[in-house]
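Step one of this worksheet: look at the structure below.
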Amino acid sequence: MVEQALARRVSPLAAGAALDIEGVSHAFDIDGVVLPVLDDISFSAGPGEFVALLGPSGCGKSTLLRLVAGLEPPRSGGLREDGEPITGPFPSRVVVFQDPTLFPWRTVWDNVALGLEAQGILKRERHRVDAAIDLVGLSAFRKAYPHQLSGGMAQRVALARALVNDPKILILDEPLGKLDSLTRITMQAEIASLWQRSGFTTLLVTHDVEEAVFLANRVIVFSDRPARIKADIAVDRPYPRHRGDPRLAALRRHILGLLGLDATW
Amino acid sequence: MSTYSASEIAAIPQSADEGAALAGRPLSPPALLLENGPAVFASLAWVAFGLSCLLWEDLGDWSRTHALAVAAFVIAGGILAVTASGKLLGRFAAGLQARAPWLLALGLFLSLWEVATAKFAWLPLPFFPPPQAIIEVYTDDLPKLLDSVFASVKLQLGGYAIGAAVGFLTGVSIGWSRSVGYWVHPVLRFIGPLPATAWLPFAFFTFPSSWSASTFLIALATGFPVTVLTWSGVASVSNAYYDVARTLGARPSFLVLKVAIPAALPHVFVGLFMGLGSSFAVLVVAEMIGVKAGLGWYLQWAQGWAAYSNMYAALIVMSLLCSGAITLLFRTRDRLLVWQKGVVKW
């Protein structure tokens with residue numbers, strides 16, 4: 001289904017951008033108390049690389065994604081997209097959040113069209129909306145409202161809403177975290193296939209070690225808050241990957257060990 | 001996507017007799033009576049009303065008694081005819097059947113009213129006019145009544161439109177901009193809770209005409225709830241929506257027009273509804289006190305001349321207009337907020 005839709009896709013997809021994160025630290029002010037969340041984070045992702053960020057809950061991974069998206073400036077350090085400093089949100093870096101956050105007053109089509117509309121190019125680029133909806137397999141639901149969709153469908157719409165902008169960096173903030181395990185497995189495969197074909201750089205925050213090693217070229221493991229980089233692990237297996245691959249299982253065990261969770265393995 | 005409207009769903013059980021007919025089961029007359037009981041009794045009640053007009057002599061001098069009786073018989077016949085031809089008229093007949101208990105109650109009420117006023121004067125007469133006296137107002141005083149309706153509607157529409165527009169814009173600005181909120185919020189706190197009618201004396205000597213003064217008061221009564229509700233609607237829009245729009249390249253104007261306002265619209269409609277209610281009150285008071293036209297003025301005038309039937313006639317028209325306005329508002333809301341109806345799921 002995805003392959004067919006991709007074959008029909010009209011607009012050429014932008015290639016990925018390089019992302020450099022240099023000595024980024026960040027903290028929140030909560031009632032006058034300064035709570036450090038990120039402590040001197042530095043890493044780079046090459047164009048088209050798929051990097052998974054893994055770490056304990058609440059360690060600041062999602063905050064890092066907000067900084068990459070440009071929704072907030074870091075307290076210190078710098079972020080660059082293809083060498084250009086990131087100073088604010090820009091549609092070349094699109095986020096898919098844990099909640100689909102579709103606009104309930106818009107139909108599926110209008111939700112997906114949001115980015116093109118905001119950039120004022122919807123009128124001449126309408127076909128891109130149709131292509132993105134086809135890509136996630138929801139052609140029959142163009143006119144449906146978000147309350148009529150299941151959780152997995154809503155997240156697919158959110159994915160289409162991001163992909164329609166031809167992002168250079170796709171930022172995935174636990175996008176599959178709230179889906180049931182079957183839908184999750186299906187969508188993991190779809191994301192892998194989309195990424196392989198379109199070549200955007202992907203940054204994925206997840207709690208799921210298996211998801212991280214199944215999808216990513218590289219897994220970066222964070223410590224507890226304030227987050228520091230604990231390990232940067234290359235996953236050197238070819239795609240399409242197999243979940244039962246013993247090498248992946250070994251990596252998973254290794255990463256769980258880093259997180260202090262290998263007792264049951 | 002299936003889109004059953006509520007009325008269609010409501011119509012299903014009412015067409016049970018249609019189903020029976022389709023199944024080829026012939027309905028005998030008693031069965032027909034049983035199926036359509038309420039409608040048949042409603043028809044009888046209207047016959048009773050017609051008879052109650054004719055059986056006794058009027059105590060007063062009313063010219064429309066016979067005409068009213070004829071109208072009652074026509075309605076009774078109409079109810080019966082529509083019920084009998086139910087299969088032909090489909091939805092209309094189903095609608096009538098749904099309302100049959102109300103038609104029955106109305107017929108009984110009118111009969112009782114007729115007997116208690118025109119025939120035996122159980123209720124003291126000048127104060128409680130019979131139905132035919134009110135009909136007489138509608139036929140004989142129609143031009144004046146229509147002028148009053150026109151004046152009221154004009155005044156109300158103007159004031160309401162201004163109040164709603166100003167309230168909406170103010171609400172959005174307060175909800176959006178911190179500095180606007182800083183200045184407007186205290187003013188709103190200070191002035192808003194004051195009943196708009198308290199401004200009457202001030203308005204009538206400040207404004208050049210009583211018409212502009214009333215427009216101002218109606219706008220004030222409308223504007224306050226619309227402002228507050230719009231503001232709270234805009235303020236309660238989830239930050240996640242703004243984040244999504246911003247990462248997709250939205251500028252501030254897009255965030256206001258395409259995110260904040262649509263998300264706040266359900267609140268805005270609550271404000272518009274509340275504003276409609278309080279503006280009616282102001283309209284009537286303003287017309288009673290200052291404006292020399294409109295239904296409020298007509299009411300006041302009728303009371304002054306002890307023309308009680310005119311008063312009741314005007315009251316009925318007024319209530320029809322008010323409920324019509326509210327129905328119109330709800331229809332508009334349902335049309336604009338289709339997405340809110342989380343009825344159909346899959």
- Classify chain B: rounded, prolate or oblate, from the alpha-carbon gyration tensor (a ≥ b ≥ c, eigenvalue square roots; a/c under 1.5 rounded; otherwise prolate if a/b is larger than b/c)? oblate
- Which order do the peptides B:146-157, A:24-35, A:194-205, B:53-64 take when ranked by the mean count of other beta-carbon atoms within 10 Å per residue, highest first? A:194-205, B:146-157, B:53-64, A:24-35
- Where both residues lie in the protein assembly as shown, what percent of DSSP beta bridges are antiparallel, nearest 5? 50
- Query: Which of the trypsin sites (Lys or Arg not before Pro) across the stretch A:68-171 are loop residues per DSSP, with 13 or fewer other Cβ within 10 Å?
  - Reply: A:123, A:124, A:143
- Message: Could you tell me the relative contact order of chain B? Use alpha-carbon pairs under 8 Å, at least six residues apart, and round to a whole percent.
- Response: 16
- Item | Fraction of the pair-distance distribution of the stretch B:57-121 above 17 Å, Cα-Cα pairs, percent | 51
- According to a simple spin-label model (label point 7 Å from Cα along Cα-to-Cβ), what is the distance in nm between residue A:75 and residue B:89? 7.7
- Contour minus Cα-Cα span, residue A:15 to residue A:242, at 0.36 nm per residue, comes to 79.1 nm
- Message: Rounded, prolate or oblate for the protein assembly as shown? Axes are the square roots of the Cα gyration tensor eigenvalues, ordered a ≥ b ≥ c, and the cut-off for rounded is a/c under 1.5.
- Response: prolate
- Largest to smallest principal axis extent of the C-alpha atoms in the stretch A:33-125, angstrom: 44, 30, 28
- For chain B, return all DSSP H helices satisfying: extent of Cα atoms along own axis at least 30 Å; mean Kyte-Doolittle hydropathy at least 1.0. B:142-176, B:210-235, B:261-289
- Shielding by partners - mean other protein chain Cβ count within 10 Å, residues of A:77-84: 0
- Query: Considering the zone a paramagnetic label at residue B:253 would reach in this model (a point 7 Å from Cα along the Cα-to-Cβ line), which residues of the stretch A:88-118 have amide N under 15 Å from it?
  - Reply: A:117-118
- Note on the structure: With only helices counted (DSSP H, runs n ≥ 4, each -39500 (n - 2.57)), the per-residue ellipticity at 222 nm for the protein assembly as shown, to the nearest 500, works out to -18000 deg cm²/dmol
- Item | Kirkwood-Stokes translational diffusion coefficient of chain A, alpha-carbon pairs, 25 °C, 0.890 mPa s, µm²/s | 129
- Query: Which shape class, rounded, prolate or oblate, goes with the stretch B:191-321 when its Cα gyration tensor gives a ≥ b ≥ c as root eigenvalues, a/c under 1.5 marks rounded, and past that a/b bigger than b/c marks prolate?
  - Reply: prolate
- Query: Cross-link list B:154/B:292; A:178/B:341; B:144/B:292; A:143/B:341: which exceed 22 angstrom alpha carbon to alpha carbon?
  - Reply: A:178/B:341
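No value in this document is a laboratory result; all are computed from the given coordinates. Source: prediction; values computed, not measured. Here Cβ is always computed from backbone atoms with ideal geometry, including for glycine, and neighbour counts include all displayed protein chains.
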